[in-house]
Amino acid sequence: MLRPQRERSAASTAQKLVRLFSLLMTLLYVGLGIFLIAVDQQQLNLNLSNEVRYVLGGILILYGAARFIRVYQLNKKSRRNRNEE
């Protein structure tokens, strides 16, 4: 059963905002990981050893990449479902 146009556009707008937020968070995680790896320890003043910074930076980059893949797959699936309607 097809939803009325107003409900569809409201749901579509909410979905777009969620996708945009998810994409921004993905970029934030990857950027923060790169930042932790690239910045000098004295500039950060976080009192973390180099090994901990590299591991944490790597984890953030991997998590950001995994999130991006998940967002991309959900976006692809929702577009396919919208085209079928």
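The values are calculated or read from the model by the stated rules, or taken from the named source; none is laboratory data. Values in this document were obtained by computation on a predicted structure and should not be read as measured data. Heads up, the Cβs are rebuilt from the backbone with ideal geometry, glycines too, and the neighbour counts pull from every protein chain shown.
Some notes on this structure:
- Flag if L48 is under 21 Å from the mean Cα position of the chain (by Cα), free of Cβ contacts under 8 Å to residues at least 60 places away in the same chain and farther than 30 Å from S12 by Cβ: no
- Looking at L60, L36, just one residue is surrounded by 14 or more Cβ atoms within 10 Å (Cβ to Cβ), modelled with pLDDT of 90 or more and over 17 Å from the mean Cα position of the chain (by Cα), and that residue is L36.
- Pairs with Cβ under 8 Å, 6+ apart, first in the range 67-85 and within 13 Å of R19 (Cα to Cα), second assigned to a helix (DSSP H, G or I) and among the aliphatic types (A, V, I, L, M): R67/M25; F68/L23; F68/V30; V71/L23
- R53 vs. criteria free of Cβ contacts under 8 Å to residues at least 40 places away in the same chain and exposed (fewer than 13 other Cβ atoms within 10 Å of the Cβ): no
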